[in-house]
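The values are calculated or read from the model by the stated rules, or taken from the named source; none is laboratory data. Bear in mind the structure is a predicted one, so any value in this text is a computation, not a measurement. Here the Cβ positions follow ideal geometry from the backbone for every residue, glycine too, while neighbour counts run over all protein chains shown. Only protein heavy atoms, including side chains, enter the accessible area calculation; ligands, DNA and RNA are left aside. Shrake-Rupley method; radii C 1.70, N 1.55, O 1.52, S 1.80 Å.
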Amino acid sequence: MSAADLQDTPDESAFRAEVRAFLEPRLALRGAGSRMSVMGSADDRVDEGRTLLAQLDEGGWAVPTWPVEHGGRAATATQAGIFHQELARYETPDLYPFMVGISLVAPTLLTHGTAAQQARWLPAIRTGEEIWCQLFSEPNAGSDLAGLEARATRDGDQWRVTGQKVWSSRAHYSEWGLLLARTDSTVPKHAGITAFALDMHAPGVEVRPLRQMNGDVHFNEVFMSDAPVRDADRIGDVGDGWRVAITTLMHERSAIGGGGGVTKARLVDLARARGTTDDPLVRQRLADVLTRMEVDRATAMRARAAMRAGRPPGPEGSGAKLRMGATLKAMADLALDLHGPAGAAYAEGENDWHRLFLTAPSISIRGGTDEVQRNILGERVLGLPPEPRDDKRVPFNEVPRST
């Protein structure tokens, strides 16, 4: 890959100029004291986020990759990357509360939803009027998503859902949840799953927020007891939920972004402010973190060059997620060490680095654990054989499970 591959083409330069011309009169540039936010931690400014989406919606920029007929610009992945690079230069609320709807559910609906479902849900997702959550993970399934046990039973023109979900981001103020439930336990586990849109305010749905160590109330447990779901809210065919889930997960890996406003300059400024830039150990650690950040940037640019050449994304998302988690942990560790004993003192809203330190460990879990990402890289990059899976072809109701 040559240096030219990493630079904007003339068309991309023109697109970047168009983005800047749209954003500059509407938003203020980020300053040195702008608040950091990593994947929405302690930044649930939902009303401000809706205001920003309304501003971006004027030119189809709220959802640039969506089709024009649904309010987007039909932008390519490369163009979307350019847009988000430019948006990151401005002072904005974190749009993470809307990510599940905009970046996961909407692409899934565009692939698997009916025209009526798209017309019904996409406009409110685009504007942030309706927030969605993801109801995939379960306490007994872990990383084996296909081992889920929540069940949906047909009842005329609706279904009745019973079961438990966990780690559901923003479920406590979501209007809808993208739900996976088992509709047939007599077939192998991947074949008996169906996808639904669950009204989070339906009878029988109970949401219990989980407070994290960083002070954020982000994840939730969701309990469903005979909760009704209309068959009209089924997404895809009965038993085709695994294919729907794969579409969602593919978009989830690409949606989990980088440092959320954490920049090299911010970390270097902290080291200078603490008067530690002459300490060789600090310089070594600082160089390590900055090198990690540069590797992340270069890898993203290489993926961009591959897309420009017409090659579809491969396992780059798994590698990027692994590196991002490691980079954020190293960055947060260094920042708190630079603060010294004062770094342990935390008042909510006063220390961005402390919040990053407490948030970073969760990156290794959400969006697929580090172990899952390494399996993907091992199989798809190194060509290693997959792990033995004795239950893959066995009917789900015959698979031994702990009680």
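Among DSSP bridges having both ends in the chain, what percentage is antiparallel? Round to the nearest 5. Please report the intermediate quantities before stating the final value.
Values: 31 of 36 bridges.
Once the DSSP bridges in the chain are tallied, antiparallel ones form about 85 percent.
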task = Search the structure for amide H atoms under 5 Å from the amide H of residue 240, placed 1.01 Å from N in the peptide plane, and list their residues when 5 or more places away or on another chain.
result = 195
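Let me know the shape class of the range 136-202, please: from the alpha-carbon gyration tensor, a ≥ b ≥ c as square roots of the eigenvalues, rounded when a/c is under 1.5, otherwise prolate if a/b is greater than b/c, or oblate. Write out the running numbers ahead of the final one.
On the way: a/c = 2.40, a/b = 1.15, b/c = 2.08.
Verdict is oblate for the range 136-202.
May I ask for the net charge around residue 279, where only other residues with Cβ less than 13 Å from the Cβ of residue 279 are counted and Lys, Arg are +1 while Asp, Glu are -1? Could the numbers behind the result be given before it?
Numbers: positive: 272, 274, 283, 285; negative: 278, 337.
Here the charged neighbours net out to +2.
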ask   = If you plug each phi of the range 217-232 into the Karplus form 6.51 cos²θ - 1.76 cosθ + 1.60 with θ = phi - 60°, what whole-Hz ³J(HN,Hα) values come out, in order, with x for Gly and Pro?
value = 9, 10, 7, 8, 8, 10, 10, 10, 10, 6, 6, x, 9, 5, 5, 5
query = If each of residue 291 and residue 397 carries a label point 7 Å out from its Cα toward its Cβ, how far apart are those two points in nm?
reply = 5.8
request  = Determine which residues of the range 53-90 fall in the zone a paramagnetic label at residue 9 would reach in this model, i.e. backbone nitrogen under 20 Å from the point 7 Å along Cα→Cβ.
outcome  = 64-66, 73-86
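Please compute the net charge surrounding residue 386, taking Lys and Arg as +1 and Asp and Glu as -1 over other residues with Cβ under 15 Å from its Cβ.
Details: positive: 374, 380, 389, 392, 393; negative: 144, 371, 379, 387, 390, 391.
That works out to -1.
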inquiry  = Test of understanding: what is the full-extension gain from residue 264 to residue 16, defined as 0.36 nm times their sequence separation minus their Cα-Cα distance?
reply    = 87.1 nm
key: J(HN,Hα) series, the range 321-326, from Karplus relation 6.51 cos²θ - 1.76 cosθ + 1.60, nearest Hz, glycine and proline x   = 5, 4, 5, 4, x, 5
note = Checked the range 60-139 against the a/c 1.5 cut and the a/b vs b/c comparison, axes a ≥ b ≥ c from its Cα gyration tensor; verdict oblate
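Taking only DSSP H segments of four or more residues, each worth -39500 (n - 2.57), what value at 222 nm results for the chain once the sum is divided by all its residues, to the nearest 500 deg cm²/dmol?
Numbers: 11 runs with 154 residues, N = 403.
Estimated from H runs of four or more residues: -12500 deg cm²/dmol.
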query = Check residue 210: other-chain or 5+ apart residues with amide H under 5 Å from its amide H, H built from backbone geometry?
reply = 218, 219, 220, 221
note = So the carbon and sulfur contribution to the accessible area of the chain, 1.4 Å probe, in percent, is 53
request  = Mind running the shape call on the range 43-193? Use the C-alpha gyration tensor, a ≥ b ≥ c as the square roots of the eigenvalues: rounded below 1.5 for a/c, prolate if a/b tops b/c, oblate otherwise.
outcome  = prolate
key: Per residue value of the accessible surface for the chain (all protein chains in place, 1.4 Å probe), Å²   = 48
task = Return the long-range amide H neighbours of residue 90 (sequence gap of 5 or more, or a different chain), with a cut-off of under 5 Å between placed amide H atoms.
result = 30
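What's the local net charge at residue 189, with K and R +1, D and E -1, over the other residues with C-beta under 9 Å away? Provide the component values of the computation, followed by the final result.
Numbers: positive: 182, 392; negative: 144, 391.
Overall, the nearby charge balance is 0.
For the ranges 331-340, 366-375, what's the packing order if you count other beta-carbon atoms within 10 Å of each residue, average per peptide, and put the highest first? Working shown, then result.
On the way: 331-340: 19.3, 366-375: 17.0.
The densest-packed peptide leads the list: 331-340, 366-375.
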remark   = Read-out Cα extents along the principal axes in Å, candidates [x] 69, 46, 45; [y] 85, 53, 42; [z] 61, 46, 35; calculated match is [x]
task = Run through the DSSP bridge list for the range 142-221 and note the antiparallel percent, rounded to the nearest 5.
result = 95
key: Spacing of the two label points (7 Å from each Cα toward its C-beta) at residue 28 and residue 116, in nm   = 4.8
